[in-house]
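Here's the structure, in structure tokens; my notes come after.
The values are calculated or read from the model by the stated rules, or taken from the named source; none is laboratory data. The structure presented is a predicted model; accordingly, all values stated were derived computationally and were not measured. Cβ atoms come from the backbone with ideal geometry, glycine included; neighbour counts cover every protein chain shown.
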Amino acid sequence: MWVFHFGGASCNNCDIEILDCLTPRYDVERFGMKLVGSPRHADVLLVNGSINGRDKARLLEVYEQAAKPIYVVAFGACGCTGGIFAEGLPFAGPVDTIIPVDAYIPGCPPKPEAMISGLMKLSETIK
């Protein structure tokens, strides 16, 4: 699976955990997962962070650019529900109210093991 990472407005802890998955300790590439730089090359759109009004427009644009079928994963508490930012004025809603979501990986932040487990379960669903 080729994964494109979309980071919304967040504290960036989820970003750190995603990057941790690329290190030799977790090495997600051994499972066939690879981060790509363009949504046009991706099979999976990994969305983390609280989505505000400005991010909503960008997320919709990225989703439209992605090759279909694209599988969407809401990552982290903010991606799944809005987390601590859900009561803020700029909050546009959880990811699943903006684009269809296929899998959820909750946590604040989710550990690399949770990301690997969630993506492996998604790959089994895809097959």
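Observations on the structure shown:
- With respect to (1) part of a helix (DSSP H, G or I); (2) modelled with pLDDT under 95; (3) not aliphatic (A, V, I, L, M), the lone exception for Cys11 is condition (1).
- Members of the stretch 18-55 found to be within 14 Å of Gly79 (Cα to Cα) and either at pLDDT 95 or above or in contact with a helix residue (DSSP H, G or I) (Cβ under 9 Å, 6 or more places away or on another chain) (or both), listed by number: Ile18, Leu45, Leu46, Val47, Asn48, Gly49, Ser50, Ile51, Asn52
- Qualifying positions in the stretch 41-61 - of a type in the set (Gly, Ala, Ser) and more than 16 Å from Leu122 (Cβ to Cβ): Gly49, Ser50, Gly53, Ala57
- Pairs where the first residue, in the stretch 99-127, is in contact (Cβ under 8 Å) with a residue 24 or more places away in the chain and part of a helix (DSSP H, G or I) and the second is buried (at least 16 other Cβ atoms within 10 Å of the Cβ) and acidic (Asp, Glu), C-beta under 7 Å, 6+ apart: Pro112/Glu17; Met115/Glu17; Leu122/Asp102
- Scanning the stretch 34-47 for residues that are assigned to a loop (DSSP other than H, G, I, E, B) and either within 21 Å of Cys80 (Cβ to Cβ) or under 11 Å from the mean Cα position of the chain (by Cα) (or both) yields a count of 2.
- Glu87 fulfils the conditions (1) part of a loop (DSSP other than H, G, I, E, B); (2) within 15 Å of the chain's Cα centre (by Cα); (3) not basic (Lys, Arg) except for a single criterion, (2).
- Identity of the residue in the stretch 62-84, in contact with a helix residue (DSSP H, G or I) (Cβ under 7 Å, 6 or more places away or on another chain) and either at pLDDT below 90 or surrounded by fewer than 18 Cβ atoms within 10 Å (Cβ to Cβ) (or both), that ends up nearest to Met120 (Cα to Cα): Ala67
- Odd one out for Leu19, checked against (1) assigned to a helix (DSSP H, G or I); (2) among the aliphatic types (A, V, I, L, M); (3) in contact (Cβ under 8 Å) with a residue 40 or more places away in the chain: (3)
- Some residue of the stretch 48-68 being in a loop (DSSP other than H, G, I, E, B), closer than 18 Å to Gly118 by Cβ and either of a type in the set (Val, Ile, Thr) or without any contact (Cβ under 8 Å) to a residue 12 or more places away in the chain (or both): no
- Top-ranked residue of the stretch 1-26 - restricted to ones that are of a type outside the set (Lys, Arg) and farther than 20 Å from Ser50 by Cα, ranked as surrounded by the fewest Cβ atoms within 10 Å (Cβ to Cβ): Pro24
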